[in-house]
1. Quick check on this structure: which one of Gln119, Gln149 is under 28 Å from Ala201 (Cα atoms), among the polar types (S, T, N, Q) and free of Cβ contacts under 8 Å to residues at least 12 places away in the same chain?
2. Answer yes or no as to whether Pro108 is without any contact (Cβ under 8 Å) to a residue 24 or more places away in the chain and not charged (D, E, K, R).
3. Could you list, in sequence order, all residues of the stretch 49-58 that are open to solvent by 80 Å² or more (accessible area, probe 1.4 Å) and on the phi < 0 side of the Ramachandran plot?
4. Among the listed residues Asp103, Asp148, Asp115, identify the single one that is at pLDDT 95 or above, among the charged types (D, E, K, R) and not in a helix (DSSP H, G or I).
5. Restricting to the stretch 144-178, name every residue that is touching a strand residue (DSSP E or B) at 6+ places or on another chain (Cβ under 9 Å), open to solvent by 40 Å² or more (accessible area, probe 1.4 Å) and either more than 20 Å from Arg92 (Cβ to Cβ) or not charged (D, E, K, R) (or both).
6. Would the stretch 209-216 turn up any residue that is more than 29 Å from Cys85 (Cβ to Cβ) and either acidic (Asp, Glu) or modelled with pLDDT of 90 or more (or both)?
7. Taking Ser184 and the conditions (1) without any contact (Cβ under 8 Å) to a residue 60 or more places away in the chain; (2) hydroxyl-bearing (Ser, Thr, Tyr); (3) open to solvent by less than 60 Å² (accessible area, probe 1.4 Å), which numbered condition does it fall short on, given that it satisfies the others?
8. Working only within the stretch 59-108, note down all residues that are within 21 Å of His206 (Cα to Cα), more than 15 Å from the chain's Cα centre (by Cα) and either open to solvent by less than 60 Å² (accessible area, probe 1.4 Å) or among the polar types (S, T, N, Q) (or both).
Amino acid sequence: MTEDRPGLTTTTRPPLPGGTRVHRLYSGLRPKSPRALDPLPLDQLPDSAHLLTRKGQELRARVLPLDEPGDTGHALIFGAITDNCLVRLHSRCLYGDALGSQDCDCGPELERTMDLIQQAGAGVLIYLEQEGRGAGLMTKARGLGLCDQLGVDTFTAYSLLGVEPDSRCYESAGRSLAGLGLSSVQLLTNNERKVQALQRAGLRVHAIPLHPRPQSTKAAKYLTAKRRHDKHSLPRHYRSRTLIPAMTAVVASAAGLVAWNGLPMLGGFIALACAAIAAVGITGAH
């Protein structure tokens with residue numbers, strides 16, 4: 001299948017509304033020159049449905065534009081969506097999404113989102129043109145420069161630049177999801193503002209957190225800043241999610257062994273230590 005632009009060498013395209021195919025519009029002629037065909041009229045362009053191959057598997061995809069002022073982007077619809085399907089509102093991050101930056105969690109979040117949608121066979125990715133939390137790439141770059149020079153986080157850097165730390169809006173995303181016929185979604189997010197925006201659009205929302213492990217010290221500091229400044233639901237310490245359960249089990253076993261050997265007071269102290277470790281694990285898990 002070729003793209004919709006002048007210079008096509010083939011006439012095999014997706015069906016048009018009503019079953020019309022492109023080659024019928026041209027009476028079945030196959031021109032020798034790639035420029036022999038004129039572009040299709042806008043009202044006769046085919047649907048955007050196509051197959052996407054990712055990690056060795058094909059997934060049916062469809063693209064719809066979001067064209068509201070100040071809130072542009074695209075809805076990427078994968079598979080046959082129904083109520084309670086997976087949904088992700090993702091703000092564009094050139095560094096994380098395309099360049100593989102390890103200084104934020106944007107790339108890993110997008111990767112995890114697509115993995116989950118692919119496993120489920122259906123879902124919606126709302127990809128919003130909100131680079132730099134809505135401030136744009138140049139402001140983002142200037143803010144990162146201040147972070148390097150002053151040792152501040154990006155929220156503080158934006159304030160020093162006289163810019164809103166987070167100017168993003170998710171209202172059009174909510175209306176777009178409702179326009180797809182959805183009444184309830186499973187939203188992949190750590191951001192309560194996204195949940196509230198979809199609820200205002202009349203959707204029932206079940207939030208599913210995304211907690212990829214930070215890939216660098218910078219990324220860990222950025223996640224801490226998002227939790228403190230923007231109230232994101234993020235772990236305080238990621239390692240606790242794997243280390244704490246093991247440590248708790250070991251200490252609990254030690255407490256039981258000591259008490260069984262006739263030292264109940266010492267066993268009680270060890271049990272208190274076990275409870276403290278478990279508490280640390282709980283704070284790290286949310």
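The values are calculated or read from the model by the stated rules, or taken from the named source; none is laboratory data. Just so it is clear, the model here is predicted, and its values are computed rather than measured. When we count neighbours, we look across all protein chains shown, and the Cβ atoms used for this are built from the backbone with ideal geometry, even at glycine. Side chains are part of the model used for accessible areas, which takes the heavy atoms of the whole protein and leaves out ligands, DNA and RNA. Shrake-Rupley method; radii C 1.70, N 1.55, O 1.52, S 1.80 Å.
1. On the way: Gln149 fails: under 28 Å from Ala201 (Cα atoms).
Of the residues listed, the single one that is under 28 Å from Ala201 (Cα atoms), among the polar types (S, T, N, Q) and free of Cβ contacts under 8 Å to residues at least 12 places away in the same chain is Gln119.
2. For Pro108, the condition - without any contact (Cβ under 8 Å) to a residue 24 or more places away in the chain and not charged (D, E, K, R) - is not met.
3. If we filter the stretch 49-58 for residues that are open to solvent by 80 Å² or more (accessible area, probe 1.4 Å), which is where we start, we get 51, 53, 55, 57-58.
Scanning the stretch 49-58 gives Leu51, Thr53, Gln57, Glu58.
4. Asp103
5. Residue satisfying the conditions is Cys169 alone.
6. Of the stretch 209-216, the ones more than 29 Å from Cys85 (Cβ to Cβ) are 216.
Within this subset, residues satisfying the condition of being either acidic (Asp, Glu) or modelled with pLDDT of 90 or more (or both) are 216.
The answer is yes, given that some residue of the stretch 209-216 is more than 29 Å from Cys85 (Cβ to Cβ) and either acidic (Asp, Glu) or modelled with pLDDT of 90 or more (or both).
7. Result: Ser184 fails condition (1) only.
8. Correct list: Gly79, Ile81, Thr82, Asn84.
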